[in-house]
Amino acid sequence: MEQWQRQRSKQGAGVEDDPRVEALRVSVARLRRELAAYPAELPDRGVAEEELAALDAMVSGGTPEVPRLRRCLLLIAGAVGSVSALSPTLTEVRKVIDLFGDLPRG
């Protein structure tokens with residue numbers, strides 16, 4: 001995360017230069033690969049795969065909306081959160097999503 005802050009201070013505010021987007025793209029791709037390779041049957045695997053695809057589509061389109069990121073994360077965590085083998089990668093996705101900022105408190 002410190003690396004992101006250093007890169008961000010060196011770069012302009014353009015979406016194509018936003019290292020958060022690239023970090024999210026990489027972490028989502030990794031979780032997709034690990035989920036695909038996970039051999040056990042998961043009742044909500046389809047939900048997790050759909051939400052990971054949605055995250056991938058959001059980052060492909062530029063800087064995604066934080067509420068949508070968090071909704072996807074919540075659904076993915078609900079689908080695979082109890083799988084300890086996927087936990088480190090899911091945590092990394094969460095940390096990268098946190099780089100996009102907090103939701104406003106109402």
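A short reminder: the numbers here are calculations on the coordinates, not readings from a lab. Please read these numbers as outputs of a predicted model, since none were measured by experiment. So basically every Cβ, Gly included, is an ideal-geometry build from the backbone, and we count neighbours across all protein chains shown.
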Subject >> Local net charge near T89, Cβ-Cβ under 11 Å (Lys/Arg +1, Asp/Glu -1) >> reply: +3
**OP:** With label points built 7 Å along Cα→Cβ from the Cα atoms of V26 and D98, find their separation and express it in nm.
**Re:** 1.8 nm
